[in-house]
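The values are calculated or read from the model by the stated rules, or taken from the named source; none is laboratory data. Quick caveat: nothing in here was measured; it's all calculated off a predicted structure. Because the Cβ atoms are built from the backbone with ideal geometry, glycine has one as well, and the counts that use them run over all protein chains shown. All accessible areas refer to the heavy atoms of the entire protein, side chains included, with ligands and DNA or RNA removed. Shrake-Rupley method; radii C 1.70, N 1.55, O 1.52, S 1.80 Å.
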Amino acid sequence: SQATSAHTLVVMEVDFEAVEAARRAHKAAFLAEEGVKLTYLPFIARALADAIAAFPHLNASVGDDCLIVHRDLHLGIAVDLGHEGLIVPVIHEAGDKRLRALAREAAELATRARSRKLTADDISGGTFTITNPGPFGTFITAPIINQPQVAILGIGSVEKRPVIVNDAIAIRSMCYLCLSFDHRIVDGI
């Protein structure tokens, strides 16, 4: 992939305090109602789907001498296979799904991936990928674009740390979001 695409990395520090507050307030009820944990991933996936609407060239593939901009977001979620590699199952039509559906589908695909029960349809058609090494303690990662896609989002660990909020020091849940994109397609963010 790095020999094909001109990888460019942009890292943004994001305040997750509102997400953390929502998770704390709703995690027990969410688990009881949906059967899956309320993680950061569906919040990020939903925000990403909204961002893709504003920046559609990031939801694209490189074709033979052309850029194919996809109308629908088919979101790949990289899943670690117990340090035996990664596989990227796809949440099809993720842009049309709300947070609850994204959480259920991501959890279901990850479970099926780890138990080696994915189908060919489960891993095909991705147009943008998220990788989440944050649970391993990483802050910043430079994810490698999943070809023929043109971008991938890496999620760092969400950690409480001191930050400046309204000219005061506050303890907030913070995270680095790391976007690798093909510089041939996007001049900059």
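The set of residues in region 20-42 that are more than 24 Å from ARG161 (Cα to Cα) and of a type in the set (Gly, Ala, Ser) comprises ALA28, ALA29, ALA32, GLY35. Checked against the criterion of being in contact (Cβ under 8 Å) with a residue 60 or more places away in the chain, assigned to a strand (DSSP E or B), open to solvent by 30 Å² or more (accessible area, probe 1.4 Å) and farther than 24 Å from PRO135 by Cα, region 41-62 contains one or more residues that satisfy it. Does LEU73 qualify as being open to solvent by less than 60 Å² (accessible area, probe 1.4 Å), within 30 Å of ASP187 (Cβ to Cβ), touching a helix residue (DSSP H, G or I) at 6+ places or on another chain (Cβ under 8 Å) and assigned to a loop (DSSP other than H, G, I, E, B)? Yes. The sole residue among ARG116, ARG112, ARG23, ARG98 that is of a type in the set (D, E, K, R), out of contact with any Leu (no Cβ under 9 Å at 6 or more places or on another chain) and open to solvent by 40 Å² or more (accessible area, probe 1.4 Å) is ARG98. Does ARG184 satisfy the criteria of being open to solvent by 60 Å² or more (accessible area, probe 1.4 Å), out of contact with any Asp or Glu (no Cβ under 9 Å at 6 or more places or on another chain) and closer than 21 Å to PHE55 by Cα? Against the criterion (open to solvent by 60 Å² or more (accessible area, probe 1.4 Å), out of contact with any Asp or Glu (no Cβ under 9 Å at 6 or more places or on another chain) and closer than 21 Å to PHE55 by Cα), ARG184 qualifies. For residues that are farther than 14 Å from GLU159 by Cβ and of a type in the set (Val, Ile, Thr), scanning just region 125-148, find the one that is surrounded by the fewest Cβ atoms within 10 Å (Cβ to Cβ). Among those that are farther than 14 Å from GLU159 by Cβ and of a type in the set (Val, Ile, Thr), it is ILE144.
All of ALA53, ALA49 fail the test of being in contact with a helix residue (DSSP H, G or I) (Cβ under 8 Å, 6 or more places away or on another chain), within 20 Å of CYS178 (Cα to Cα) and modelled with pLDDT under 95, apart from ALA53. Only one of (1) farther than 22 Å from SER173 by Cβ; (2) outside any loop (DSSP other than H, G, I, E, B); (3) open to solvent by 40 Å² or more (accessible area, probe 1.4 Å); (4) without any contact (Cβ under 8 Å) to a residue 60 or more places away in the chain fails for HIS83. Which number is that? So HIS83 meets the others, but not (2).
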